[in-house]
Every structure is written in structure tokens, then in C-alpha cells.
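Notes for the one structure printed next.
The values are calculated or read from the model by the stated rules, or taken from the named source; none is laboratory data. Since the structure is predicted, the reported quantities are computational estimates derived from the model, not experimental observations. Cβ placement follows ideal geometry from the backbone for every residue including glycine, while neighbour counts extend to all protein chains displayed.
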Amino acid sequence: MEKVNLISISLSIGSYSNFVNTIISSAKEKKPYYTCIANVHMLVEAYRNKSFANVISNANIITPDGRPLAWALRLLYGIRQDRVAGMDLLPDLLSAASTENLSVYFYGGTEEILDRTKSFVKIRYPNLKVVGTYSPPFRLPTKDEEDAVIQKIENSKASLVFVVLGCPKQERWMGAVHERLNAVLVGIGGALPVVIGVHKRAPKWMQTAGLEWLFRLIQEPRRLFKRYAITNTWFLFLLLREYYRSRFYKL
């Protein structure tokens, strides 16, 4: 897919359906492939950490998850880009995988989240093949543990691996291991608890207004306040700077 540089990351562009079709087509071919679902937090992390920026830039697809990123593409380039949010993409990929008889694996999250995921999938997508789940320890795994898990995922013959470690951990993990797995990896982070009903999603009007982050902040103020206070401020600064630079160079 075509990509466009946005401050510190290169976002893939195209219709929402094109993202779904590209990921599913690659899963059918069992390609070593990874997809990052980008929001403001990821963009700012990439700006502040060049090694993380390299991980993102090497991804096969970087979706514009947050509506502010779609707005930024329009402001800087005049591109009217569909938002490709993890909370929409995950159920659509599960549905497509079920239809196309593709097996899936869930890596990350707590045992409770994974148990609820299996129950949710059994009810919502009864024909979907879930060939494995794994909840990694909170500590850093040893090399032997990591090798064993990667081999376990590979032996499962999964076509799609949904990675639930949160940003930036899941992106770093995908970047490090994707060439060892004949599967498409998709970093879904906080989308999974919302999709399976553990957390509520923002009302449609808040999604449209780009305020989904505020809804999440209200639900988890202690965990998210510092992140949003820092990353949202940084993003506005970086976007305005990029905007005025582009206008200056055109003069």
C-alpha cells in the first residue's frame, strides 16, 4: 500500500476496505508481515525515539487509527483518508478470517482477557478457528522462553496473530519476531478489551469529533492522564510546526 510521511511515521493510505483486503490477502499467502495501528501516542513515541520510529517505518501497513491523524493528512496534504481504527478493524478481520477459513492466534493480554476473548469468539464467530492464545509474563522473557513461544505460534499454523501488548511494546515485539513467523501480525493493543465488552467504546458522536481519547481518559484517568497530557500537547505542537513549515516553503 502507498504510504505518506506524517511527522515521524509513514501512514498507509487507501480505503478502509483496501486495508482489510490487503491484510487478509497477505494472511492467505502466509507472509511474514506486520501491521501497526497508529494513533497520536504512537506518532509522538516515534518522534521521541528513533529506534522505535524505525520499527514503525519497517511495518508493512501503518493504519491511521486516531481521527486526528486522518485530519492531519488532510491539513498537510489534502488527503481525505478513512480512519482505520483497531476497534473497527479487529472485528472485521475476525469476520473475514472466519469466512476465508483462516486460523488466528491471540498473543498478549491477561489470562482473564484471553478467556473472555475465546468465549466472545465462540459466540460471535462460531466458525472461526482460534488455534492458540498465550499470556506472556509481565517480566522480560528469557531467550529460551521467547524462542519456545515463537515456535509454538509457528507450529499452530496461524495465518493471523493478534498482538495485545500495548504501544510501544507490541510494535517492538512484532518488529523483532515477524520474520520468524509465516503469519500476519496485527498489533491491536487496547482494541481487544473494547471489542469483547470489557470496556465501553465512545459514542459515535465522540468518535466523529475525534474525542474518543477523552472517553477513554474518563474511564481510566489515573493510567491515561499523564500520557494524554503529554502526547496530545506534543502532537499539536508538531502538527502546527509542520503546517507552518509547509506553508513557508511554498511561499
Out of region 52-77, which residues are at pLDDT 95 or above, small (G, A, S) and surrounded by fewer than 23 Cβ atoms within 10 Å (Cβ to Cβ)? A53
Matching residues, region 108-163, being of a type in the set (S, T, N, Q) and either in a loop (DSSP other than H, G, I, E, B) or surrounded by 15 or more Cβ atoms within 10 Å (Cβ to Cβ) (or both): T110, T117, N127, T133, S135, T142, S156, S159
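A quick yes/no check of all residues on (1) in the same structural domain as G86 (by TED's automatic domain parsing); (2) touching a residue at least 24 places away in the same chain (Cβ under 8 Å); (3) aromatic (F, W, Y):
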residue: V161; (1), (2), (3): yes, yes, no
residue: K169; (1), (2), (3): yes, no, no
residue: V184; (1), (2), (3): yes, yes, no
residue: E212; (1), (2), (3): no, yes, no
residue: W234; (1), (2), (3): no, yes, yes
residue: Y243; (1), (2), (3): no, yes, yes
Which ones in region 164-203 are of a type in the set (G, A, S), buried (at least 19 other Cβ atoms within 10 Å of the Cβ) and not in a loop (DSSP other than H, G, I, E, B)? G175, G187, A191
So which residues in region 102-127 are more than 14 Å from K157 (Cα to Cα) and either outside the structural domain of G190 (by TED's automatic domain parsing) or touching a Leu at 6+ places or on another chain (Cβ under 6 Å) (or both)? G108, V121, Y125
Among the residues of region 95-102, is any free of Cβ contacts under 8 Å to residues at least 60 places away in the same chain and either in contact with a helix residue (DSSP H, G or I) (Cβ under 6 Å, 6 or more places away or on another chain) or not polar (S, T, N, Q) (or both)? no
Can you go through I37, I62, I23 and tell me which one is part of a helix (DSSP H, G or I) and in contact (Cβ under 8 Å) with a residue 40 or more places away in the chain? I23
Please specify each residue of region 4-33 satisfying the condition of being over 16 Å from the mean Cα position of the chain (by Cα) and under 24 Å from Y243 (Cα atoms). V4, N5, L6, I7, S8, G14
